[in-house]
Amino acid sequence: PDRSVNFFLIMVLVALAVVTQNTAVEIDRIRRGGDSGPDTRQAMLINMSLLALSALFNGFIIQLDDLPRTLQWVPFTMLSYWGFVGVLVNYFYQFSLPCDA
């Protein structure tokens, strides 16, 4: 298939997976509300924490080589990392720069 089709497919699948993950976390936190009822603030706090981690560890903002050795496994658990890798592989597969030297 065309690379643009692959790009849009990767973007849609990653977005769907991230939204599903965040919705599942929210539903879980709201269902487990204590005696005072559903805790939507706790659900949003966990959601924002997941989004921040996804943004930091997707390999675009903080590169894998710049992470401490103990945290280098974290990006491999993030959905956004694999989406970013998929887009890069899709774009740069069989890509070459001409060199006239």
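The values are calculated or read from the model by the stated rules, or taken from the named source; none is laboratory data. Computed from a predicted model, the values in this text were never measured in an experiment. All Cβ positions, glycine included, derive from the backbone under ideal geometry; neighbour counts span all protein chains shown. When the accessible area is computed, the model is the full protein with side chains, heavy atoms only, and any ligands, DNA or RNA have been set aside. Shrake-Rupley method; radii C 1.70, N 1.55, O 1.52, S 1.80 Å.
Would you work out what percent of the accessible area of the chain, with all protein chains in place, is carbon or sulfur (probe 1.4 Å)? Don't jump to the answer; show the numbers that get you there.
Details: 5150 of 7790 Å².
Of all accessible area on the chain, carbon and sulfur atoms account for 66 percent.
Probe 1.4 Å, all protein chains in place: accessible area of R3 in Å², nearest 10?
For R3, the solvent-accessible surface is approximately 90 Å².
Can you show me the helix-derived [θ] at 222 nm for the chain, built from DSSP H runs with n ≥ 4 at -39,500 (n - 2.57) apiece and divided by the number of residues, rounded to the nearest 500.
Numbers: 3 runs with 60 residues, N = 101.
Roughly -20500 deg cm²/dmol at 222 nm, from the helical runs in the chain.
Taking the Cα-to-Cβ direction at S96 and at Q72 and moving 7 Å from each Cα, how far apart do the two end points lie in nm?
3.1
Dipole of the chain, Cα-centred, from +1 at each Lys and Arg C-beta and -1 at each Asp and Glu C-beta, to the nearest 20 debye?
Details: 6 positive and 8 negative charges, 52 e Å.
Value, rounded to 20: 240 debye.
Taking Cα extents along the principal axes in Å straight from the coordinates, which label in (1) 50, 38, 31; (2) 37, 32, 22; (3) 73, 36, 15 is the correct one?
Here Cα extents along the principal axes in Å agrees with entry (3).
How big is the accessible area of I30 in square angstrom, nearest 10, if you roll a 1.4 angstrom probe over the protein chains?
Here the residue's solvent-accessible area equals roughly 70 Å².
On alpha-carbon atoms, Rg over Rh for segment 47-101 using Kirkwood Rh?
Details: Rg = 14.4 Å, Rh = 12.7 Å.
With Rh from the inverse mean 1/r over Cα pairs, Rg/Rh is 1.14.
Using only the heavy atoms of the protein chains and a 1.4 Å probe, how would L51, L67 rank by accessible area, largest first? Mind dumping the intermediate values first?
Numbers: L51 75, L67 15 Å².
Greatest to least solvent exposure: L51, L67.
Using the heavy atoms of the protein chains alone and a 1.4 angstrom probe, what is the accessible area of the chain per residue in square angstrom? It would help to have the intermediate numbers written out before the result.
On the way: 7790 Å² over 101 residues.
For the chain, the per-residue accessible area is 77 Å².
Consider a paramagnetic label point 7 Å from the Cα of L51 along Cα→Cβ; state which residues of segment 75-101 have an amide N under 19 Å from it.
Taking a point 7 Å out along Cα→Cβ of L51, the residues of segment 75-101 whose backbone N falls under 19 Å are 78-84.
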